[in-house]
Amino acid sequence: MYFYILRQEKQVYATASKEYENEVNSIFTLNSKTHTAVIVDVTFWDELVTFVKTKNQKWYKEYIESQFSTYEADYIGIYDLKNKLIAKTTSVNLNSIGEIPQYVLDKLYKDKLVRYYQKVPEGVLEVFGATIHPSDDLHKDKTKPSGYFFMSRILDKKFVEDLEKITSSKISVTDNFQYNEDEKKAIYVSLNLNDLQDKLVSNIVFERSFHLNSVTTKKILAIIIIATIINLIIYLYYYRRWVYKPINLITNILETRDEKSMVSLGSIRGEFTHISNLFEENNNQRKELEIAKRKAEEGDKLKSSFLANLSHEIRTPMNAIMGFSDLLLDPNLNQKDKSDYLKIIRNSGKNLTSIIEDLLEMSKIDSTQITPNYKPVDLDKCVSELYKTIKITQHNNINFSIQEDLIKPKKKILTDEIKLKQILTNLITNALKFTKKGYVTVGYNIDEPNATLQLWVEDSGLGIDNDNLKIIFERFRRVEDEFSIQTSGLGLGLSITKAYVELLDGTIDVKSTPGVGSKFSFTIPLKYDESEVDFCAIENTSKINISGNQSILIAEDDDINFMLLQRILQLKNYKILRAVNGKEAVEICEANKNIDLIFMDIKMPIMDGFEAFRLIRAFNQHIPIIANTAYSSIEDKEKINKAGFTNYVSKPLNKDQIFDLLNGLFMAN
């Protein structure tokens, strides 16, 4: 029995080692697939082909280097076919990877895609390389490569820590790994990290604790032998009970892995408890490996689906913007077509902005950068204002209405008005988008005994089946049907809505019938404002009475953004001054007392917009200062308002919005 246990331990150890090796290989391969997918997608880019020819460094900085952080890499390099480096970008963690060897470029030219490892002073690099081709050469077999694109990441401490969390292992990157096979306190997997010539660069070693202990086996065996000699006749009666049954249980476990047999074996005193523990540990590790594999496969599918969806959603409006921009260059284009093309470009730009804002908002939610800002809110006024805003933009025949509740709030309620409006806006616009005819209704119910406030949006739209009801609040998941294919989006709207509801300590629910309609409702705590302070909104009633053309200072460091705002303002004959940074804006305002209004960019070199605003207010308390910013999240807008700016406009600029804002500030005699 002792030798049987030793053999069983070896078998369990060998099985666990094999399964652990399969898990590690699978997860390590999946870990590199995201970077492989990214480099493959980037190298099917017509603009990148053009860049290799023109070597336009401005384009590289704007479209590649500015997005460097999204690649999750430490190095990006682009080579032409003469094997000369055109451009590169490295992170602060990496000085340089040196020149790419000739044999690597030769192999890449042949294979189109390579992955290998390289030793640098900072550690071991994982290098991805791909040839650059036009977007219509999907298999890279129609055209010759235009150049080479390389992307590298350091297998640093963060990489190791992330991989340790996924694999539940202790990981080290080493050049000389050795372990004692006789001491089975842990299981190891060592993966070779080779260069393209199959020369070993380093090893990455995975270690997982595995406790096998047969010390008690020897003691029990000695006791059994002595007791058997002394009490042979007595133990003949118990032989079947003590030996035969456990062995049958062990046999059954080995053949069927029956968990009930493991429990029964564990209830038997003696060494069989140890055997049972070995079986249970083996069985638990097998389940953990299956779960880890399933999660890894599911995560890989979700990443692949997200990347494909993101690529499609971004390329669709970009295709319209670039395509119709080219058509506008036709000198023979008539005015009607020109107007239609401009509308398409504008709508595509709005779609692209919406996609980017959803991604940024979800990123802030994940990093817990968003906190509720509770203030007194007039619920009736809040819902009514939102209804009027959306009603104005509605251009279909849907009956959009508010259902009044018989019970009105006694006082103003304490909640985050901006978050509340965003939740309702998301639900209402979703309902309007998926309702072809009928109605969309918004309303609320007060439940004072339970101190809850329920708001809901009901529609007579397409409806959602039970299977899709389970996934609509998950990220990057959408109802996939014929109608949804015609609509854009990453599937983040309801995820953001759910996150906002939970941020307000609430819950969200949905009831839907396909072909009949849907009702989204969410419940938040009902808290009345008990203070005596008047929280009515204070409007900026100051107007500027000027009889002639007004002088406007534009503080903007980007030439294109300045030119756009300048051209918009010149349509109304405003006199324009410019400052290229915050410091220059302050100096111009001090020197020129005839400036009537300032457009202040928030992010500028030397001095940002917030600091420039503070210094100008020190000597001029009355001049209107409008924040002109690309920061468009709710938190950013709250920060601008809190700083004291007269108002703000967000990029991309809207001509009508700017004119409405200026008309409200400039009131002619």
Practice prompt. Could you tell me whether any residue of region 36-56 is surrounded by fewer than 18 Cβ atoms within 10 Å (Cβ to Cβ), farther than 26 Å from Val189 by Cβ, polar (S, T, N, Q) and touching a helix residue (DSSP H, G or I) at 6+ places or on another chain (Cβ under 9 Å)?
Written response: yes
Worksheet item: Residue check, Lys419 against (1) closer than 15 Å to Thr523 by Cα; (2) open to solvent by less than 10 Å² (accessible area, probe 1.4 Å); (3) at pLDDT 85 or above, all met but one. Which one?
Response: (3)
Worksheet item: Among the residues of region 117-130, is any at pLDDT 90 or above, of a type in the set (Ser, Thr, Tyr) and not in a strand (DSSP E or B)?
Response: no
Fill in: Unmet requirement for Ile100, which otherwise passes all of (1) more than 19 Å from Ser32 (Cα to Cα); (2) buried (at least 16 other Cβ atoms within 10 Å of the Cβ); (3) within 31 Å of the chain's Cα centre (by Cα)
(3)
Item to complete: Name the strands (runs of 3 or more DSSP E) wholly inside region 558-666 in which the number of residues that are under 27 Å from Gln422 (Cα atoms) and open to solvent by less than 20 Å² (accessible area, probe 1.4 Å) is 1 or more.
Response: 597-601, 625-629, 647-650
Fill in: Lys61 being of a type in the set (Lys, Arg), open to solvent by 40 Å² or more (accessible area, probe 1.4 Å) and under 30 Å from Glu290 (Cα atoms)
no
Practice prompt. Would you mind finding the one in Asp636, Asp601 that is at negative phi, of a type outside the set (A, V, I, L, M) and modelled with pLDDT of 90 or more?
Written response: Asp601
Worksheet, complete the sentence: Lys437 meets each of (1) of a type in the set (D, E, K, R); (2) more than 13 Å from Ile390 (Cα to Cα); (3) open to solvent by less than 60 Å² (accessible area, probe 1.4 Å) with one exception, condition (3)
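If we keep just the residues of region 202-220 that are open to solvent by 30 Å² or more (accessible area, probe 1.4 Å) and not polar (S, T, N, Q), which is modelled with the lowest pLDDT?
Start the filter on region 202-220 by keeping residues that are open to solvent by 30 Å² or more (accessible area, probe 1.4 Å), which leaves 207-209, 211-213, 215-216, 218-220.
Narrowing the set further to residues that are not polar (S, T, N, Q) leaves 207-208, 211-212, 215, 218-220.
Numbers: Glu207: 88, Arg208: 86, His211: 67, Leu212: 61, Val215: 56, Lys218: 63, Lys219: 71, Ile220: 70.
Applying the filter and picking the extreme gives Val215.
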Worksheet item: Which condition does Ser311 not pass, out of (1) at pLDDT 75 or above; (2) hydroxyl-bearing (Ser, Thr, Tyr); (3) over 30 Å from Thr228 (Cβ atoms), if it passes all the others?
Response: (1)
Practice prompt. Name the one entry in Glu9, Glu21 that is surrounded by 15 or more Cβ atoms within 10 Å (Cβ to Cβ), in contact (Cβ under 8 Å) with a residue 24 or more places away in the chain, among the acidic types (Asp, Glu) and closer than 30 Å to Leu221 by Cα.
Written response: Glu9
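From the list Leu236, Leu265, Leu249, which residue is at pLDDT below 75, out of contact with any Asp or Glu (no Cβ under 6 Å at 6 or more places or on another chain) and either open to solvent by less than 80 Å² (accessible area, probe 1.4 Å) or closer than 30 Å to Glu164 by Cα (or both)?
The unique qualifying residue is Leu265.
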Worksheet item: Taking region 515-530, which residues are open to solvent by 50 Å² or more (accessible area, probe 1.4 Å) and not in a strand (DSSP E or B)?
Response: Gly515, Val516, Lys527, Glu530
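The values are calculated or read from the model by the stated rules, or taken from the named source; none is laboratory data. Fair warning: this is a prediction, and the values are worked out from it, not measured in the lab. Please note: Cβ atoms are built from the backbone with ideal geometry, for glycine as well, and neighbour counts cover all protein chains shown. When the accessible area is computed, the model is the full protein with side chains, heavy atoms only, and any ligands, DNA or RNA have been set aside. Shrake-Rupley method; radii C 1.70, N 1.55, O 1.52, S 1.80 Å.
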